[in-house]
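Reading through the structure tokens given below for one structure.
The values are calculated or read from the model by the stated rules, or taken from the named source; none is laboratory data. Because the structure is a prediction, the values reported are computed rather than measured. Don't worry about glycine lacking a Cβ; one is built from the backbone with ideal geometry, like all the others, and counts go over all protein chains shown. Ligands, DNA and RNA are excluded from the accessible area calculation, which covers all protein heavy atoms including side chains. Shrake-Rupley method; radii C 1.70, N 1.55, O 1.52, S 1.80 Å.
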Amino acid sequence: MIKEFENYEVWFVTGAQLLYGGDAVVAVDGHSKEMVAGLNESGRLPIKVVYKGTANSSKEVAEVFAAANNDKKCVGVITWMHTFSPAKMWIHGLQILNKPLLHLHTQYNAEIPWNDIDMDFMNLNQSAHGDREFGHIVSRMRIRRKLVVGYWKDAATQDHIAVWERVCAAWADSQDMLIIRFGDQMNNVAVTDGDKVAAEQTLGYHVDYMPFSDVMPFFDKVADADVDALVAEYFKLYEHDAALEDKSTEEYKKIWNSAKAELTLRAVLTAKGAKGFTTNFDDLGDYNVDVTGRGFDQIPGLASQRLMAEGYGFGAEGDWKSAALYRSVWVMSQGLPNGCSFLEDYTLNFNGEQSSILQAHMLEICPLIAAQRPRLEVHFLGIGIRKTPTARLVFTSKVGTGVTATVVDLGNRFRLIVNDVKCIEPKPLPKLPVASALWIPQPNFEVGAGCWIYAGGTHHSCFSYDLTDEYWQDYAEIAGIEALFITEKTTVDDFRKELRFNEVYYMLNKALM
Ligand code: MN
């Protein structure tokens with residue numbers, strides 16, 4: 001069991017009714033138990049499914065959904081109608097359910113038993129119309145849900161449930177998420193800012209500011225021996241020039257100070273119970289650090305890289321929306337092989353159909369996406385309040401496909417924008433010693449970048465090799481936010497129509513609800 005998921009479960013509730021007698025309900029119960037056991041034993045679901053029995057009346061539905069709401073382990077509810085379950089009995093329960101809902105349209109038996117099928121069989125195996133009756137009330141009540149259609153033993157069906165489970169875990173995680181901002185937004189930047197009150201109402205997470213004067217007590221408590229040990233770990237983990245280990249050099253001192261910054265930030269995040277943070281290169285506290293030795297003498301880029309790999313959300317320049325989203329990406333991706341990172345659109349490379357965007361940042365790219373063992377280097381960095389040699393991990397990303405996502409605040413709502421991207425092999429960058437990826441936004445640079453810009457997307461985004469559009473469809477559905485997908489099939493004309501239609505939809509939607 002994956003550590004981030006082991007304390008979570010999703011509940012399975014089977015719809016039935018007492019019209020066909022107690023024997024039918026006993027059979028429904030037995031089949032449901034077998035199905036839930038089968039799902040758990042499939043090895044395809046990252047979160048355990050717990051069978052919560054049949055619901056045969058309005059009272060029973062309301063009771064089990066109230067229990068789901070109040071159970072901290074329960075991150076979502078799966079419903080399935082084995083028999084016909086008259087849907088008025090789901091109204092009161094659905095009115096109060098505040099956990100993500102997945103409606104599974106399946107059937108206990110795969111094929112019709114042609115020679116044996118009779119009216120008793122028909123009365124018991126009624127998913128074909130029971131699930132439509134349930135679907136009707138969910139649609140009529142405008143309840144957001146994921147619908148999975150398929151045989152419960154099929155890998156494809158189970159994989160759709162698995163995606164939803166991962167998103168449910170990330171959603172539960174973000175309802176208890178604190179993001180700490182070390183410094184404010186980079187001055188004047190619009191797209192990384194937004195309404196933190198609306199974000200807490202809509203997306204769950206809470207954002208706080210922490211001045212460097214409050215960070216300093218944590219800095220002062222870091223023991224030199226712990227810093228020495230962390231530096232030794234760096235040298236063990238990462239490629240590096242042997243000369244960096246010479247303790248008399250400025251480079252060694254910069255690496256040592258980076259390790260101290262990492263230990264300071266980790267201590268703050270642990271003490272506050274925070275799941276993510278932002279930094280700002282123009283706000284690093286004590287400006288007299290070179291004289292006093294007290295404070296961050298460089299951007300804590302190496303620390304940000306390593307903390308991201310541990311699962312802390314990160315956004316540069318005060319970008320708290322990206323910090324929160326990265327944390328959710330990391331949670332969804334647990335146990336998946338290829339990694340995720342905060343990234344920034346850095347420089348364009350016009351090259352016909354291979355036109356691409358270099359993704360990088362000053363320093364802060366997560367080593368989980370590295371194609372090779374990262375290399376620890378120290379180079380002069382001339383941006384921000386500290387113009388000084390700065391430690392960082394340098395690597396290029398794996399080649400392959402993935403998705404990148406961002407959330408922007410449009411003033412009246414949040415908009416999720418998702419773009420499928422293809423990471424390609426970069427050329428060497430001998431004079432740009434930072435971590436990077438090079439990708440072609442799908443369907444190509446012109447359409448991908450064009451639609452992203454029409455949608456108002458950021459220059460920062462949260463990228464993953466392992467997630468797909470389906471994860472983001474589920475996320476947007478659970479959050480109830482607008483979602484726009486730029487895929488292989490997207491055209492600029494249709495996308496612009498969608499933007500215009502959505503303006504009206506989201507204005508009217510609130511009025512209709
Ligand atoms: Mn940036």
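Testing PRO441 on (1) open to solvent by less than 30 Å² (accessible area, probe 1.4 Å); (2) out of contact with any Asp or Glu (no Cβ under 9 Å at 6 or more places or on another chain), one condition comes back false. Which one is that?
(2)
Being at pLDDT 95 or above and acidic (Asp, Glu) is the requirement here; does ASP224 meet it?
yes
Identify the single condition in (1) within 16 Å of the ligand (Cβ to nearest atom); (2) open to solvent by less than 40 Å² (accessible area, probe 1.4 Å) that LEU203 does not satisfy, given that it satisfies every other one.
Failed condition: (1).
Looking only at the range 314-324, which residues are within 14 Å of the ligand (Cβ to nearest atom) and either over 13 Å from HIS361 (Cβ atoms) or assigned to a helix (DSSP H, G or I) (or both)?
Those that are within 14 Å of the ligand (Cβ to nearest atom) and either over 13 Å from HIS361 (Cβ atoms) or assigned to a helix (DSSP H, G or I) (or both): ALA316, GLU317, GLY318, TRP320, LYS321, SER322, ALA323.
Of the residues SER333, SER304, SER322, SER328, which single one is at pLDDT 95 or above, hydroxyl-bearing (Ser, Thr, Tyr), over 16 Å from the mean Cα position of the chain (by Cα) and open to solvent by less than 30 Å² (accessible area, probe 1.4 Å)?
Of SER333, SER304, SER322, SER328, the one residue that is at pLDDT 95 or above, hydroxyl-bearing (Ser, Thr, Tyr), over 16 Å from the mean Cα position of the chain (by Cα) and open to solvent by less than 30 Å² (accessible area, probe 1.4 Å) is SER304.
Please find, within the range 335-350, the residue that is farthest from the ligand (Cβ to nearest atom) out of those that are closer than 15 Å to ILE369 by Cβ and in a loop (DSSP other than H, G, I, E, B).
The extreme case among them is PRO337.
Are any residues in the range 157-191 within 16 Å of the ligand (Cβ to nearest atom), modelled with pLDDT of 95 or more and not hydrophobic (A, V, I, L, M, F, W, C), and if so, which ones?
ARG181
With the structure loaded, tell me whether MET122 is in contact (Cβ under 8 Å) with a residue 60 or more places away in the chain and either out of contact with any strand residue (DSSP E or B) (no Cβ under 6 Å at 6 or more places or on another chain) or closer than 25 Å to ASN412 by Cα (or both) or whether it fails that test.
Considered against the rule, which asks whether it is in contact (Cβ under 8 Å) with a residue 60 or more places away in the chain and either out of contact with any strand residue (DSSP E or B) (no Cβ under 6 Å at 6 or more places or on another chain) or closer than 25 Å to ASN412 by Cα (or both), MET122 comes out as no.
Let me confirm something: among ASP474, ASP466, ASP420, which residue is outside any strand (DSSP E or B), under 21 Å from SER328 (Cβ atoms) and open to solvent by 20 Å² or more (accessible area, probe 1.4 Å)?
Within the list ASP474, ASP466, ASP420, the selection yields ASP466.
I want to confirm something. Restricting to the range 111-152 and keeping residues that are within 22 Å of ILE91 (Cα to Cα) and polar (S, T, N, Q), which single residue is modelled with the highest pLDDT?
Filtering first and then ranking leaves SER139.
How many residues does the range 1-54 contain that are under 28 Å from the mean Cα position of the chain (by Cα), crowded, with 17+ Cβ neighbours inside 10 Å, in a helix (DSSP H, G or I) and not β-branched (Val, Ile, Thr)?
Number satisfying all stated conditions: 3.
Could you tell me how many of the residues in the range 351-389 are more than 15 Å from the ligand (Cβ to nearest atom) and touching a residue at least 24 places away in the same chain (Cβ under 8 Å)?
Here the count works out to 21.
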